[in-house]
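What follows is a short report on a single structure.
The values are calculated or read from the model by the stated rules, or taken from the named source; none is laboratory data. Everything quoted here is computed from the prediction, not taken from an experiment. Note that we place each Cβ from the backbone using ideal geometry, even for glycine, and neighbour counts take in every protein chain shown.
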Amino acid sequence: MASTAPSPYRLLGGRIPYVEGPLKVTGRAEYTDDIKRPGMLVGRLLRSPWPHARLRSIDVREARALPGVFAVLTGERYPTPFGVLPITHDETAIAVGKARYIGDIIAAVAAADERTAEAALARIRVDAEPLPEYLDPRVGLQKVAEPIHARGLAGTNIQKEVVQHFGDVDAAFARAAHTTRVRGVFAGVTHAFTEPLVTVAEATPDGRLTVWSATQVPHYLHRSLSEVLGIPMHRIRVIKPEVGGGFGGKSDPLPHEIVCAALALETGRPVKILVDREDVFYTNHGRHPTQNDVRIATDAEGRILAYDIDALIDGGAWSSFGTVTTYYNGVLAMGPYRVPNFRYKGRRVYTTKPPSGAMRAHGGTNIRYSVEVALDQLAEELGVDPFVLRTRNALPPNSTTVNEFRITSTSFLACLEAARAASGWDATFRKLPYGEGMGLGCGFYISGSNSPIHFTPKMPQSTVHLKVDMDGGIAVHSMQADIGQGSNTLLAAIVAEVLAVDLDRVHVQRVDSDVSPIDLGSYSSRVTFMMGNAARAAAEELKGKLASAAANLLDVAPEELELVPERFRLRADPSRGVSFLEALHRAMEHVGALTATGSYQTRPVGGSFKGARAGTAPAYSFAAYVARVRVDEETGEIAVRKIWAAFDCGRPLNRLAVEGQIEGSIHMGLGQLLGETMSYRGGRLLNPSLLEYKIPMPQQMPEVEILLVGGDDPEGPFGAKEAGEGPLVATLPAVGNALHDAIGVRFHELPITPDRVLRGIDERRKEGRVWKGA
Amino acid sequence: MSSPDRLRFRLNGQPVAVPCEGARILLDLLREDLSLTGTKRGCDLGTCGCCTVLVDGRPTLSCLTLAALMEGRSVDTIEGISPPQGLSPVQRAFVEHGATQCGFCTPGFVVTATALLRDHPHPSREEIVRAISGNLCRCTGYTKIIEAIESAARETV
C-alpha cells in the first residue's frame, strides 16, 4: 500500500511545505484587498431590502450630484445576463426590473471615499412594488402568481427537474428481502472563507481593462466580464492574487466583480469593491437547503438491489451551478457501492432567498448522509455489522455503474479494512456505555468533472507552460488557481520532480490571463488530477529538449542518458555526463530561452443519455471514516472525540497538503453537522456574521488519525486522485451513525443541535425503546 | 493627544507621528494610511481575529480599536514581528507544519502565538487552544496550527 511503501520519487510522496508559506506567515502575501492603485475610487453597492419586488423606478440624480461621486450605475446599463453555466444565464450584474432576494444588487456607486459612497447610496430613491415572497421550495413546485424567473418550468419556480431511471427499481423492490427508507432534511450552510469577496478593476487609455479578484476560476470571470461588458476577452486581463479561501464560494463569476469593472469603465479610474462580511453572507452560493427521500432495497444478506431517491433542493434566487447540483444530488449516490437499479427525481426550485451554489463536496454531502444513515439502519435491522454490509456492496475496480460511470481505481475495501483495524471497531462497536458511540460513514467523490463547461471536450481542461532561461530558473504559467489548497506547491513539485531540480529552481507565476494558459481553475476537485498531468507533460517535454542537448554534447543518443539532480549522465558509465546548466546552454544556442507546453484533456467516458455527463470523472476518491462520540445526556451536547479517516486519493503527492485537506474537511463537515445554519426570518438572514454563524472552535475539533491507503490511479499524475472535497462527505454520516450507537437515536435532520439531541432521546424513551440499558 | 491631529505612538519599534481623525479605527490607520497590509480585514466586527496586532504586547483586535487610543503606546504588527531576514521560530514552524493554507488568517495567528510563547514558553495544548480561540481558521481545522505552535515552543527550550 502507498502509505507504507517508501515513495519512489525524490519530492513527491513526501511532506512538502507550501511554497508561498514564507510570504503568508510574514503578511507579505498579496491579496486583492492589499492592492492600492493611484487615484483608486471606492465602489459601494445598494442592495435590495425586499425579498421580491418590481423595481418601478430608481432615481439616482441626487446621488450623482453629490460632490465626490464619480458614477452611479443601475441595471439597465449592463443588462446582458450571465451565469456560471452557459445554459442558465439568469443573473445580471445589477438587478433589471426585479429584485429577487434581500441583498440583490440594485445600484452601484463609485466615489472618492467610503463616506461619500455611503452618502450617495442613501440618496438613491427606489420606487419598488413588493411581490409575493417564495421562501419554501414546496410552494414553488406549483404554478405561482409571480414566478421568480420567467424561465421557471411552466409558470412554477422550478429551475431544473431531473428524472432518471436505470434498471427496474419497482421490480427490485418487489423481490427485495428487505427495504428501508429515510427522509433527510438539511439546512443551508455557507463557505465562511476568511477573506471577504473583493475586486479591483482599472480601465486604461489603451483600451484595456485589468481586473484583480478573489476568484477560484479566473477563466469564468474573464468570459463573464467579456459577455456582460461587451469587450473582447483579449482586451481584458484577469489577475488572481492570493485568495483567502473559497470552498466553492468564489467559483461563480459574481455580480460585484462585474459591477466593479463596469464602474472602472464608467469613471476611467481604478475602483475597489470590498464586500462587507454581512453582504458576503447574503451573496452566499453555499450548500443548498435540501430534503431528500431515500428508499433502499436489499436481499436477505444486505446486498443492495435498488436506490429510489427524490430530492427537493432550495436554489435561492439564481441558477448558479444549480443544474449540476440537481443531477449530483442523485448520481453522487452511485458510489462507493454497486447499485444495480437506480431511480432519481430531483427538483431545484428558485426561492426569494440568497442564491445557493457550489460548496465543498457539492451535491454529494447531503445525499451521502442520508444514504449512509439508511445503510446503517439496514445493517442494524438485518443484524449485519456495518463494515460487513459495506464490504458486501463495494464497487469493484474497473467496473461501470448502472448509470455508466467509469470506475477505474478504487481502494475502498482497503479503506474499510484500515478504518476497522485502526479504530478497534470489532472490540468497541455497540460495546461502549450509554452516551458513547462509534459509527461508520463512507464517501465517494469526483476527481474533477469530465466535461469542461463552456468549451468542447477537444480543448484541454488544463495547460501548463514552462520557460527556462540562462539562469536555469524555471518559470511556470498556469491558470489553475491556488486558493490555499497547495496547488502552486504541487505544480512546482511535479516540475522539479521530472527535471530533478530543487524546488527553489521553480517559480510558479501568479495567475494572469495575459500570460497564463487557460485552465478551468479550482473547483470540482480537478486541479491535482488535471493540472498535475499537464505539468508532468510540460516538464517531460522540457526534459526531452535538455536530454537531446546533453546527448549532443556527449556524442551519445538521448536514450542512453539518465537525469539525476543537476546532471545528465550515461546509464552505462555514470562518470560521464554534463551538468543541467551545460545541457541547458547548449539547448539554447540559436534559439534562446526554452519553452515547453503540456496539457491534459479528458477522454470521453459515460453514457449518451440526457444528463449522462453529470458526475462523470476521470477518477473517483473513496473514503471510510469511523467517528467516536460522546453525548452529554443533560445538555444534549455532542463531543466528537476522534475520527479515523481512511482515504483513497490514489498516491498522495504532498502528504502535508493531503492531511491539511482531510483535517480541514472534517472541520467543515462537523460545522454543518453540529450547528452551522443559514437561519432566515422571511427572506432576511438572522445570523449574517461570523459571531452568529458559528464554525467549530478548536476546542470542538476531534483528534484525527489519517490512513492513506490508495493505490496508484492509472491515469492520475504519478497515480494521484483528488483529496480536496471527498474527505468532507464521510465525516457527517460517520458522526451521525456514531450518535445512534451512543444514544439509540437516528438523526435525519441537520444540524444536530443540542435541542434536537434532547428531543431525540426524549422521543425514544416515549416510544418505550431502551438503548444500552438507558 | 499632544496635538489635535497628530497621533504619536511606537509602531513596530519606531516612533511615529501620523495624522489621525478621532474616529479612525486602528485597522484602517494601519492598512489604508500606513500601507501595513499584513494585518488582514476579515469581518470588521471583531469576530475573526485576522486583524490581531499587539498593543503594549497584548493581542488586540485592531478592527475594534480606536487609533486615537494608541497615543503614547506601542503597536506591533505582523511586519514588526517578522525579522528583517528569514523567519521567526513561530513563522518557521507554521511553514514547516503546513499551518497555512489560504493564509488569510495566518498573520493573526502568528501574532497571537508569538505573544503566547513570549509569556508562556511552554504552554500546554489546552493553553494553546485557549489562546487561539479568538482567531478563526476555515481551512486547517486548527490541527496543524496547534502542532506548529507546540513545535515552536519546543524549539525555544
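Brief remarks on what is shown
- Taking the criterion of being over 26 Å from A:A214 (Cα atoms), surrounded by fewer than 24 Cβ atoms within 10 Å (Cβ to Cβ) and over 22 Å from the mean Cα position of the chain (by Cα), the residues of region A:457-473 that qualify are A:K458, A:K467, A:D469, A:M470, A:D471, A:G472, A:G473.
- Yes/no for A:L413 being touching a residue at least 24 places away in the same chain (Cβ under 8 Å) and either assigned by TED's automatic domain parsing to the domain that holds A:D310 or not in a helix (DSSP H, G or I) (or both): no
- Subset of region B:91-140 [farther than 21 Å from A:S689 by Cβ, free of Cβ contacts under 8 Å to residues at least 12 places away in the same chain and touching a Pro at 6+ places or on another chain (Cβ under 8 Å)]: B:V95
- Pick from region A:249-284, criterion more than 12 Å from chain B (Cβ to nearest Cβ) and assigned to a loop (DSSP other than H, G, I, E, B), ranking: nearest to A:D519 (Cα to Cα): A:S251
- Taking region A:313-330 as the range and being of a type outside the set (G, A, S) and either out of contact with any Gly (no Cβ under 8 Å at 6 or more places or on another chain) or at pLDDT below 95 (or both) as the test, only A:T323 passes.
- Within region A:670-705, the set of residues being buried (at least 21 other Cβ atoms within 10 Å of the Cβ), in contact with a Phe, Trp or Tyr (Cβ under 7 Å, 6 or more places away or on another chain) and outside any loop (DSSP other than H, G, I, E, B) comprises A:L685, A:P698.
- A:I662 being buried (at least 24 other Cβ atoms within 10 Å of the Cβ), within 22 Å of the chain's Cα centre (by Cα) and β-branched (V, I, T): yes
- Against the numbered list (1) among the hydrophobic types (A, V, I, L, M, F, W, C); (2) within 14 Å of chain B (Cβ to nearest Cβ); (3) in a strand (DSSP E or B), A:V126 comes up short only at (2).
- Enumeration of residues in region B:10-39 that are away from chain A (no Cβ under 14 Å), outside any loop (DSSP other than H, G, I, E, B) and surrounded by fewer than 19 Cβ atoms within 10 Å (Cβ to Cβ): B:R10, B:Q14, B:P15, B:V16, B:A17, B:V18, B:P19
- Number of positions in region A:122-180 that are surrounded by fewer than 19 Cβ atoms within 10 Å (Cβ to Cβ) and of a type in the set (V, I, T): 4
- Between A:T365, A:T352, the distinction of being buried (at least 24 other Cβ atoms within 10 Å of the Cβ) and under 12 Å from A:D314 (Cα atoms) belongs to A:T352 only.
- In region A:201-217, the condition of being surrounded by 23 or more Cβ atoms within 10 Å (Cβ to Cβ), under 30 Å from A:T298 (Cβ atoms) and within 25 Å of the chain's Cα centre (by Cα) is met by no residue.
- The lone criterion from (1) touching a Cys at 6+ places or on another chain (Cβ under 8 Å); (2) free of Cβ contacts under 8 Å to residues at least 40 places away in the same chain left unmet by A:P336 is number (2).
- Search result, residues across region B:72-90 that are under 12 Å from the mean Cα position of the chain (by Cα) and closer than 19 Å to B:D119 by Cα: B:V75, B:D76, B:T77, B:I78, B:G80, B:I81, B:S82
- Scanning region A:230-254 for residues that are touching a strand residue (DSSP E or B) at 6+ places or on another chain (Cβ under 8 Å), in contact (Cβ under 8 Å) with a residue 40 or more places away in the chain and surrounded by fewer than 24 Cβ atoms within 10 Å (Cβ to Cβ) yields A:I236, A:R237, A:I239, A:P241, A:E242.
- Any hit, region A:395-415, residues being modelled with pLDDT of 95 or more, crowded, with 24+ Cβ neighbours inside 10 Å and aliphatic (A, V, I, L, M): no
- Residues of region A:21-35 that are touching a residue at least 40 places away in the same chain (Cβ under 8 Å), assigned to a loop (DSSP other than H, G, I, E, B) and at the interface with chain B (Cβ under 7 Å from one of its Cβ atoms): A:A29 alone.
- Check on A:R10, over 33 Å from the mean Cα position of the chain (by Cα) and over 30 Å from B:C50 (Cβ atoms): no
- Every pair of residues 6+ apart whose Cβ atoms lie under 7 Å, when the first sits in region A:499-528 and is of a type in the set (D, E, K, R) and assigned to a helix (DSSP H, G or I) while the second is modelled with pLDDT of 95 or more and crowded, with 18+ Cβ neighbours inside 10 Å: A:R505/A:I474; A:R505/A:A496
Residue-by-condition table, conditions (1) within 30 Å of A:E634 (Cβ to Cβ); (2) within 25 Å of the chain's Cα centre (by Cα); (3) not basic (K, R):
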site: A:L382; (1), (2), (3): no, no, yes
site: A:T401; (1), (2), (3): no, yes, yes
site: A:L413; (1), (2), (3): no, no, yes
site: A:A421; (1), (2), (3): no, no, yes
site: A:G441; (1), (2), (3): yes, yes, yes
site: A:N450; (1), (2), (3): no, yes, yes
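- Among the residues here, A:G724 qualifies as within 13 Å of A:A623 (Cβ to Cβ) and within 14 Å of chain B (Cβ to nearest Cβ).
- Residues satisfying the stated conditions in region B:40-59, i.e. touching a residue at least 24 places away in the same chain (Cβ under 8 Å), more than 14 Å from chain A (Cβ to nearest Cβ) and either assigned to a loop (DSSP other than H, G, I, E, B) or crowded, with 20+ Cβ neighbours inside 10 Å (or both): B:G57, B:P59
- Taking region A:132-227 as the region of interest, the strands (runs of 3 or more DSSP E) fully inside it that hold 2 or more residues being in the same structural domain as A:D252 (by TED's automatic domain parsing) and not polar (S, T, N, Q) are A:198-204, A:208-213.
- Some residue of region A:652-659 being in contact with a Phe, Trp or Tyr (Cβ under 7 Å, 6 or more places away or on another chain), within 14 Å of chain B (Cβ to nearest Cβ) and over 19 Å from A:A734 (Cα atoms): yes
- Residues (assigned to a helix (DSSP H, G or I) and either in contact with a Lys or Arg (Cβ under 6 Å, 6 or more places away or on another chain) or at the interface with another protein chain (Cβ under 7 Å from one of its Cβ atoms) (or both)) located in region B:134-145: B:T143, B:K144
- Residues within region B:73-117 that are of a type in the set (S, T, Y), facing chain A (nearest Cβ under 7 Å) and crowded, with 24+ Cβ neighbours inside 10 Å, tallied: 2
- Residue check for B:A131: within 13 Å of chain A (Cβ to nearest Cβ), in contact with a strand residue (DSSP E or B) (Cβ under 9 Å, 6 or more places away or on another chain) and not hydroxyl-bearing (S, T, Y): yes
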